[in-house]
Amino acid sequence: MSDKSLEAAATATTALVIAAAIGAPFWYQRRQLHEGLPPGTRVITLTAVASSGHWTEEAVNGENYWRRDFPAARPVLTLGQPTAIRIASSDVTHVFYAPALGIGPIEAYPGHVRETIVTPSKAGVFPYYCTAFCGNPHFGMRGEIAVEPAGQAAPPPAPVAPGTKDYWEAPQPPAGAPLTERGKWIFLERGCVTCHGEGGRGGVQNFNYARGAVPALAGISDRMMLYEPEDVKTVVTALAKGSLDALAGKTDIPHFEIALSQYHAIRAVIQNGSVSAKKDPTGPTPPLQMPTWAGRLSDRDIDAVIAYLLTLPPPAGA
Amino acid sequence: MSALPHAAPAPQPTPGPKVRSGRIDLFLRFPRLRWLAERRWFQFAVVLPNLGLFLLFLSAGLFGTPVGNRNIIIVFVWILWWFLLISALVPFTSRIWCTVCPFPFFGEWAQRRALVQVRAVDPKKKKGGPGVVIGRNRYFGKNLKWPKALSNIWLQNIGFLALCTFSALFLTRPIVSVIVLGSLFVIATVLHLVYRQRTFCSYVCPVSGFLSLFSMASMTEVRPRDLDVCQTCTDKGCLAGSDKGWGCPWLIYPSKLERNNYCGLCMECVKACPHGNMTVNLRPFLSDGWLKGYDESYKAFIMLSLALAYSVIYLGPWAFLKDWANIAEKHDWAGFFTYAGALWALALVVLPGTYYLVVRLGRSLAGAPAGTTAPPTKDVFLGFAHPLVPLGLLAWVAFSFPLMLVNGSYILQVLSDPFGWGWDLFHTAHVAWTPVVPWWTPYIQVALLLTGLFFALRSGARHARRLFPGGARALRAFAPVALLLGGIVAGFFTLYVG
């Protein structure tokens, strides 16, 4: 082989190797994505991004993970058409769960991809969730899957619930702020607002939950039989001073023993969590469960949340 | 592409038994190896697959999963490559990594405008034509000389220490690894266009710095077979180049080669030597016995400090130290600066300073016979810094071993799914994370460190006898340094064994 032809062969081989190194993975990815799937199956990839607090349909990779705020996915499936849903995680372990569509719970381990095939049999808009605590944005890590008959446009997505966007970045009140201010901040920053709603009005649907929706928390003053604003103020002041028990025997609040007992019951639920009872005992587990906050919230912080909730007016019609 | 007219036939190896004592001439033992090294396409053939692999790594870092232990760029570069480099390639095959290194590929291509062939120049027609003629080869680009003040490994020392300060970043974030490796490609290419030959590799590449130090311990070397042949040679093709090979790209004079430090095993001298006098020898461990300057001794201090610091941070039980080093996740700037400051202080001040004081103490204890003076402190310092070469190397192997044993299963996972895209090429993508024989790890580490200490003490004793003739003087001179070396090893034992 002459010098020139050897050099030409080396140049061509180099070009080939560079093209193969860069192009081959993408070619193979396109090929394997539909491997083993029935013809016509759509493929949707939902990647969990804990820092954004979303499952996203956008490609999450080494280049964009650190700089992007990924939007929540709102996949639109076609009624009766099989769709392969690939579940991935870009950071920590998540669990994807869309009980109304019979999808999951599917554990998504960091860097692994899991796949399930779903053929929707009913039209509508169905919520999906992350059901593994994956960081502060976890509680907002939800979205909708729309299922439409072929040829029909999907309904517009539900607006983001007020007060829930980037709730984990809510600004902390200054030291020395009233206890209720701190309680309001914790209610936002820890994500209570994502299930119990802005102003604690409740109403977030919880699939196969005996009570249908997550209960409202506004109006717990009624539950504690604190009907007079002065009584609420007295209790909040006592909480700010450090102990409601200290008021026992020293206050003229009517039925104070009931207020005290309710207070301890509410504290216990916040500390220990509670299991959402099933509406249909044979159906799937309701995706939203009250988590335990013991160890994550101090006694003082729990009192702050209760103090904040006491200041909220009961929902209209309650 | 020009070749000299009437090029001479390939030279035959000088006859002989001319093999140096303690050496095995691999070209005489395995003639096929010599045949391979003489092929013009040899280096191209070994670099190209590696280039493809590293481009794949860069692609995975950009477009693959951001999860570090599921992305091939992290697992293959910082776990597998690093382990192989420090534990096998350097100790056994010297700077063979430089033979296959892809970073200078594009720069060298631009500089030579050739991938395989040599641009030889007819000695009678040196003037005119494109590019610049150096020796008997033609090059392109500026071909400036590297500043003399920077013709040492200080830049590599500082660059490597700076890079290692951010190790927690590039060990976990694929994009940071892309920036590090991508920068090496870009800087190498630019420097090849501006400066002569392998200036980047000799003076800038941060990896090259520690390869140069630890290759002294390697069991392989490129050397002239018969020094008499070199002395009578008027051609000097190994330096000036010829129609068979480029003049030494590493800007060293192969026929005077005495240490491995700055030889990149490119085999150009093997090709260019008109007498077939260059060969590859197998030799005993740690055959290169001396350091030449403070820059080299500081490389030894930096490497030992990093091995110690990494053992504390990554293998120790102090989680807050990991958090300090992991600035990207924890955003604890005060902690990070504390960690970085401590690391730099240890590597550049504390360890060298302690060593200097101990060397001075030994020199004083040794004294000087009447009518003589003690050897200069610099000579003693450099002589007694040489033991840090085997100790540092074995300390790095001891640190890297558990990382490999613990994280080895990630290699199988990313082999099947290099981008974290859900592939399973070899049915190993879902192999469970399984540490390999973790209960053996401390024993392996202790054995490695004791081996390092043995070679360190042997090296120190040799230098002591050379610098302080007389057994008792040598003993007094080396005793403080030996105690310090023993103390450092004891420190490693405490970390590894508890």
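Things to note:
- Share of pairwise Cα-Cα distances greater than 24 Å in chain A is 63 percent (whole percent).
- Per residue Cα convex hull volume in Å³ - calculated over the protein assembly as shown: 231 Å³
- Binning the C-alpha pair distances of chain B at 10 Å intervals from 0 yields a P(r) profile of 4, 17, 27, 26, 17, 7, 1, 0 %, listed from the shortest bin outward.
- Counting only protein chain heavy atoms and rolling a 1.4 Å probe, the accessible areas of B:Tyr298, B:Tyr496 rank, largest first, as B:Tyr298, B:Tyr496.
- For the protein assembly as shown, share of DSSP beta bridges that run antiparallel, in % to the nearest 5: 70 percent
- The magnitude of the dipole of segment A:42-148, with charges of +1 and -1 set on the Cβ of Lys/Arg and Asp/Glu and taken from the Cα centre, is near 140 debye.
- Segment A:57-92 and segment B:298-316: distance between their alpha carbon centers, rounded to Å: 41 Å
- For a straight C-alpha distance cut-off of 17 angstrom, the lysines reachable from B:Lys299 (same-chain residues fewer than eight places away being disregarded) are B:Lys378.
- Accessible heavy-atom area order of A:Glu257, A:Glu148, highest first, probe of 1.4 Å: A:Glu257, A:Glu148
- Taking only the alpha carbons of segment A:167-310, we obtain Rg and Dmax values of 15.9, 50 Å in that order.
- Think of each Lys and Arg Cβ as +1 and each Asp and Glu Cβ as -1; about the Cα centre, that makes the dipole of segment B:186-327 roughly 100 debye.
- Global size of segment A:52-124 as Cα Rg and Dmax, reported in angstrom: 13.1, 38
- ³J(HN,Hα), Karplus 6.51/-1.76/1.60, whole Hz, each residue of segment B:484-498, x for Gly, Pro: 5, 4, x, x, 5, 5, 4, x, 4, 4, 4, 5, 8, 9, x
- For segment A:189-217 versus segment B:399-444, the gap between their alpha-carbon centres in whole angstrom: 43 Å
- Given a 1.4 Å probe and the protein chains as shown, A:Asp280 ends up with an accessible area of around 70 Å².
- In segment B:24-282, the portion of solvent-accessible area held by carbon and sulfur atoms comes to 68 percent [1.4 Å probe, whole percent, DNA, RNA and ligands not counted].
- Listed by chain and number, the lysines placed with their C-alpha closer than 25 angstrom to that of B:Lys244 are A:Lys4, B:Lys18, B:Lys124, B:Lys125, B:Lys126, B:Lys127, B:Lys142, B:Lys145, B:Lys236, B:Lys256, B:Lys271; residues fewer than eight positions away on the same chain are left out.
- Calculated from backbone phi, Karplus (6.51, -1.76, 1.60) coupling profile of segment A:248-255 in Hz, x at Gly/Pro: 4, x, 10, 10, 9, 5, x, 6
- Accessible surface of B:Glu258 - all protein chains present, 1.4 Å probe, nearest 10 Å²: 110 Å²
- Cα-projected label distance for A:Thr282 with B:Leu425, points at 7 Å along beta-carbon direction, nm: 4.8 nm
- Close amide-amide hydrogen proximity is noted between B:Thr279 and B:Arg223, B:Arg225, each under 5 Å apart and 5 or more residues distant or on a separate chain (H modeled in the peptide plane; Pro and chain starts excluded).
- Longest DSSP-loop-exposure-free segment, trypsin sites (Lys or Arg not before Pro), chain B, at most 14 other Cβ within 10 Å: B:293-498
- Relative contact order of segment A:167-310, defined on C-alpha pairs under 8 angstrom at six or more residues apart (%): 32 percent
- Listed residue (A:Pro99, A:Leu260, A:Asn208) projecting farthest to the positive dipole end of the protein assembly as shown, Cβ model: A:Pro99
- With DNA, RNA and ligands ignored, accessible area of A:Glu57 (1.4 Å probe; Å², nearest 10): 90 Å²
- Comparing Cα centroids, segment A:267-290 and segment B:23-40 end up 74 angstrom apart.
- Cysteines in chain B lacking a second Cys C-beta under 4.7 Å: B:Cys98, B:Cys101, B:Cys164, B:Cys201, B:Cys205, B:Cys230, B:Cys233, B:Cys248, B:Cys263, B:Cys266, B:Cys273
- The largest accessible area among B:Val46, B:Val229 belongs to the first residue in B:Val46, B:Val229, and the rest follow in falling order (1.4 Å probe, all chains).
- Long-range amide H partners of A:Val204 with built H, under 5 Å: A:Val214
- Placed amide H near A:Ser89: partners under 5 Å, 5+ positions off or other chain: A:Ala48, A:Gly111, A:His112
- Sequence-separation-based contact order of segment A:166-247, relative, with Cα cut under 8 Å and 6+ spacing, percent: 18 percent
- Net lengthening on full extension, A:Asp69/A:Lys250 (0.36 nm per residue, minus Cα-Cα): 59.9 nm
- A simple charge model with +1 on the Cβ of Lys and Arg, -1 on the Cβ of Asp and Glu and nothing else charged puts the dipole of segment B:94-182 at about 700 debye relative to its Cα centre.
- Positive-end extreme of charge dipole, segment A:271-318 - chosen from A:Val275, A:Trp293, A:Leu309 (charges on Cβ): A:Val275
- Per-residue Karplus couplings for segment A:96-108, computed as 6.51 cos²θ - 1.76 cosθ + 1.60 with θ equal to phi - 60°, are listed in order as 8, 8, 10, x, 5, 9, x, 9, x, x, 10, 6, 10 Hz, Gly and Pro entered as x.
The values are calculated or read from the model by the stated rules, or taken from the named source; none is laboratory data. The shown structure was predicted, so the numbers you read here are calculated from the model rather than taken from an experiment. No Cβ is skipped: glycine too gets one built from the backbone with ideal geometry, and neighbour counts run over all protein chains shown. Only protein heavy atoms, including side chains, enter the accessible area calculation; ligands, DNA and RNA are left aside. Shrake-Rupley method; radii C 1.70, N 1.55, O 1.52, S 1.80 Å.
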